[in-house]
Each structure stands twice: as C-alpha cells, then as structure tokens.
1. Criterion first (crowded, with 20+ Cβ neighbours inside 10 Å, in the same structural domain as PRO270 (by TED's automatic domain parsing) and under 28 Å from ALA273 (Cβ atoms)) does ALA146 satisfy it?
2. Being farther than 26 Å from ALA83 by Cβ and touching an Asp or Glu at 6+ places or on another chain (Cβ under 8 Å) narrows it down to one of PHE232, PHE165, PHE187, so name that one.
3. Out of contact with any strand residue (DSSP E or B) (no Cβ under 8 Å at 6 or more places or on another chain) and either over 30 Å from ASP269 (Cα atoms) or exposed (fewer than 14 other Cβ atoms within 10 Å of the Cβ) (or both): is that true of SER130 in this structure?
4. What's the total number of residues in segment 282-307 that are farther than 25 Å from SER67 by Cβ and out of contact with any strand residue (DSSP E or B) (no Cβ under 7 Å at 6 or more places or on another chain)?
5. Listed residues LEU253, LEU268, LEU219; which is touching a residue at least 60 places away in the same chain (Cβ under 8 Å), over 27 Å from ARG192 (Cα atoms) and of a type outside the set (Ser, Thr, Tyr)?
6. Could you figure out which of (1) modelled with pLDDT under 90; (2) surrounded by fewer than 18 Cβ atoms within 10 Å (Cβ to Cβ) isn't true of CYS110?
7. Answer yes or no as to whether GLU91 is surrounded by 13 or more Cβ atoms within 10 Å (Cβ to Cβ), over 23 Å from ARG267 (Cα atoms) and modelled with pLDDT under 90.
Amino acid sequence: MAAETGFPFRLSRLGTHPKGRGARWIGALIGLAAMVVPTALYANAADQLYERTLMTAADGRCRLFSSTVSAALDASRAQARGATLRSGASELQVAALEQRARAKAAGAACDSKDLALAASRVKKAFEGYSQMLAMNYPGDVASWKAERSVSATIPVWRLSQPATFGGDRLMFGLAGRAKAMMAVATFDNGQRPYAARILARDTSRTLGPYIASNAGRNLASKVAPRNANLVFTAQTREEAPLTLLPTSAKTGLAFRFPPAAIDAMLRLDPREAVTVEFVFQGRGGDEVTRKAYIEVGDFAAGYAFLR
C-alpha cells in the first residue's frame, strides 16, 4: 500500500521477468518520472502519479477497465497528484510528468501483452477498493470525508469538510444526489447572513498558489489576494436540513453554489485554501462579512472517488 496516498497499487512492481519486454516497458516509468522530479523527498509520490496517469490514459484509449475500476484508478491518480504537489513539486513539474505519462500511454498498443499484464494487476488491486463506500482524505490542516452512499429522500453530505470561524461553525462540500456544492453554517449569536460567496484563485490569471512562507497551519495565509480570485455567489439560501448541519447544531442556513465553483476548486493546488464569505447587513446598511477557510487538500481525489 502506498504510504502517502493510501491506495493498494504500485505499477512499478508490475511486469514480467526482469529480463523480459514487460520489465523494460514498465521500468521506463520510474526512470521518466525521476527525470522530471528528481528530489528524493517527493520521488515516491511522483512515481505513483506517473504510473497512475499512464494507466488512466491507457484506459481512456483502450477501455481496459470497468467504470468502477476506472473511477477508483482516477481517484488514486488525483490523490497521488496532490501528494506530489504537497511533497514539493511545482505545478510545472507535475504537468510535465503527466504529459510524459500520457505520451507513453499513447505509444502503447492496446493489444500489447505488457499493457494487458499491467491492466490485470490494476484490476486485481482496485476491484476491492472500488466497492468501498467511504473514504477519508487527510490534509495538512483539515480532512475531506467522502461518502458514496446516497439517500433518495434525505440530503446527506457526499464530500465534506468542517470548519470553525470564531464562534461560528461550517460544513462545506458536496451534498445530495446531485453533488451540489454547499455551505451550511450556524452562527452563535443568532445573526443570519443574507448571502454567501466562495473566493477561489483564478488559475487562468495566476502562475500558482499564494502561500505565505510562514503560513504553517493558518489557512488564511494560503489564499490568493482578492483581485486574483474568482467569486461565486450562492444561488439559493434556505433553512438547512438537520442531516447537513454541523455536529450538534439544531438550526442553520444552507447556501448552494453554481457548478462552476466545483470546477474552480478542482483546478487548485492542494496546499492552498478557498474563502467562504458570509454577508450580513451592518449598521447603516453597510456590508459586513465573516470569513471561513477551507483547505483544498484532496478535493479532486474525493470528487473522483464519488464517481
């Protein structure tokens, strides 16, 4: 089992006898990954990312796996990507590694014996994992909890992260059969915000995450400046169902955000955070906000797991 990502698969162990063609094909994976990300600190995570990206790309071309195994493999690829970034690789290094993996997959014949052998090992490793109903994805500061089970009548969290901000509490993530992005908050002084917003770094206008050198566990130091963010305003505001409230809360408000907010989070670096703003009316009609911070972490891996 991979130490960082927690998935039961190491493609570098696949192949035939060390002198066979399969070993040469599979063995090239680690060598290419090392060329792109040579530092020992994150070599293991980079190897796993390369391997899983290659097999995901090969599956896309050759339809190697069932939909459940494909989803499990893609979730492991996303988690390995996050582990590689957290271990010190830059976004450019990760993109180059992924490009090499996809190019390698593109050059493999779908009827290759070596690819068939690798695919059989993937199936064996992931068939059990694909049947799991829940998964936890710990981050540097917070964790995501993923739940595949869904109710036809009761809204439940599918992918969620709790947060506190002052005396207020928040549950944030994807809920219900539609996997809608939601923020459900309870406020200790009984005040009720009239709107909510998500601020997520605009990856099309920035070169990478904004993380202060002394950020540590302070998520507020891991968000982009306001003018470098995309802003998503909640589409709906309503009383929160009991099943979505923070633990032990009796009442709260639920805000639902547009699907584009999910896409924006999927593009972010796992080391950074997004801001959730709740908007209140202050004295004189001025806008007053309270801010909560959500760690991006393995959001992408959890989203893939739900498939």
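The values are calculated or read from the model by the stated rules, or taken from the named source; none is laboratory data. If you're wondering where the values come from, they're calculated on a predicted model, not measured in any experiment. For neighbour counting, all protein chains shown are included, and Cβ atoms are generated from backbone atoms with ideal geometry for every residue, glycine included.
1. Numbers: crowded, with 20+ Cβ neighbours inside 10 Å: yes; in the same structural domain as PRO270 (by TED's automatic domain parsing): yes; under 28 Å from ALA273 (Cβ atoms): yes.
In short, yes.
2. Values: PHE232 fails: touching an Asp or Glu at 6+ places or on another chain (Cβ under 8 Å); PHE165 fails: touching an Asp or Glu at 6+ places or on another chain (Cβ under 8 Å).
Criteria check complete, one pass: PHE187.
3. Values: out of contact with any strand residue (DSSP E or B) (no Cβ under 8 Å at 6 or more places or on another chain): yes; either over 30 Å from ASP269 (Cα atoms) or exposed (fewer than 14 other Cβ atoms within 10 Å of the Cβ) (or both): no.
Spelling it out, it is not the case that SER130 is out of contact with any strand residue (DSSP E or B) (no Cβ under 8 Å at 6 or more places or on another chain) and either over 30 Å from ASP269 (Cα atoms) or exposed (fewer than 14 other Cβ atoms within 10 Å of the Cβ) (or both).
4. Taking segment 282-307 and keeping what is farther than 25 Å from SER67 by Cβ, we get 282-297.
Subset that is out of contact with any strand residue (DSSP E or B) (no Cβ under 7 Å at 6 or more places or on another chain): 283-286.
Residues flagged as farther than 25 Å from SER67 by Cβ and out of contact with any strand residue (DSSP E or B) (no Cβ under 7 Å at 6 or more places or on another chain) within segment 282-307 amount to 4.
5. Numbers: LEU253 fails: over 27 Å from ARG192 (Cα atoms); LEU219 fails: over 27 Å from ARG192 (Cα atoms).
Answer to the selection: LEU268.
6. (1)
7. Working: surrounded by 13 or more Cβ atoms within 10 Å (Cβ to Cβ): yes; over 23 Å from ARG267 (Cα atoms): no; modelled with pLDDT under 90: yes.
Considered against the rule, which asks whether it is surrounded by 13 or more Cβ atoms within 10 Å (Cβ to Cβ), over 23 Å from ARG267 (Cα atoms) and modelled with pLDDT under 90, GLU91 comes out as no.
For every residue, the table says whether it meets (1) surrounded by 15 or more Cβ atoms within 10 Å (Cβ to Cβ); (2) part of a helix (DSSP H, G or I); (3) at pLDDT 95 or above; (4) in contact with a Pro (Cβ under 8 Å, 6 or more places away or on another chain).
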site	(1), (2), (3), (4)
GLN191	no, no, no, no
ARG205	no, no, no, no
ALA224	yes, no, yes, yes
ALA260	no, yes, yes, no
VAL288	no, no, no, no
